[in-house]
1. Per q in 0.24 Å⁻¹, report the Debye log10 I(q)/I(0) for the range 40-102, using one uniform scatterer on each alpha carbon and no solvent.
2. Within the range 1-28, what residues put their amide N at less than 12 Å from the label point 7 Å along the Cα-to-Cβ vector of SER69?
3. ³J(HN,Hα) across the range 28-34 via Karplus (A = 6.51, B = -1.76, C = 1.60, θ = phi - 60°), whole Hz, x for Gly/Pro?
4. Contour minus end-to-end for TRP149 and TYR17, with contour as 0.36 nm per residue of separation and end-to-end as the Cα-Cα distance?
5. Under a plain spin-label model, where a point goes 7 Å from the Cα along Cα-to-Cβ, how far apart in nm are SER130 and GLU99?
6. Mind checking the alpha-carbon convex hull of the range 1-88 and giving the volume per residue in Å³?
7. Could you do me a favour and compute the accessible area per residue for the range 1-121, 1.4 Å probe, result in Å²?
8. With no solvent and one equal point scatterer per Cα, compute the Debye intensity ratio I(q)/I(0) for the chain at 0.10, 0.13, 0.21 Å⁻¹ and report its log10, rounded to two decimals.
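The values are calculated or read from the model by the stated rules, or taken from the named source; none is laboratory data. Since we're looking at a predicted model, the values are computed, not measured. Note: ideal-geometry Cβ built from the backbone for every residue, glycine included; neighbour counts use all protein chains shown. Heads up: the accessible areas ignore ligands, DNA and RNA and are worked out on the full protein's heavy atoms, side chains in. Shrake-Rupley method; radii C 1.70, N 1.55, O 1.52, S 1.80 Å.
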Amino acid sequence: MRFIVHDDPVLRADSNYIAQIALAPFGFDDQVEQVWLRRTADGSATLCCIPFRAYGVALGDSVRLSDDSIVTKVLARSGRRVLRALLVDEPDPTRAVTELQQRITDTGLRSEWSGDRHVAIDVPPGLEPSALLDHLDVGEADGTLHWEWADVEPFAV
């Protein structure tokens, strides 16, 4: 089993619980994503990190957990979206990473990195990141990265 972890969740101070999302329904057999959550009084939990691989779930979403700490259902959406980008492997990715992170920062968005080439970006309701999307489109056209919205598929277990 391979674990995809969040070394620096954007809402670390709010998180107090770790659970898992099975990634097999999204095409990642034998992988799980370890996510940070905050338990709520009603027994549900709120996501405190930006999902790297799971589809149909975003920062701030309310989720149901099984007894063995597996996310089983999205109960309420936060209205946020997740934008993900994967930089194509190149000899020196430093420039591309620095430029992409600067674009994310300039847009006022928060992000989490998985390794040195994969980033998940939190897009709050009402914010249109058109300058960032233009940058990502150029990168995809020239073959330096691939990007997607994480809500192109529904959450599944």
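1. -0.98
2. Counting only backbone N, you get 16-21.
3. 10, 4, 6, 10, 9, 9, 8
4. Roughly 44.9 nm would be gained on extension.
5. Between SER130 and GLU99, the label points sit 2.2 nm apart.
6. 104 Å³
7. Per residue, the range 1-121 has an accessible area of 49 Å².
8. Scattering profile of the chain, log10 relative to I(0): -0.35, -0.59, -1.41.
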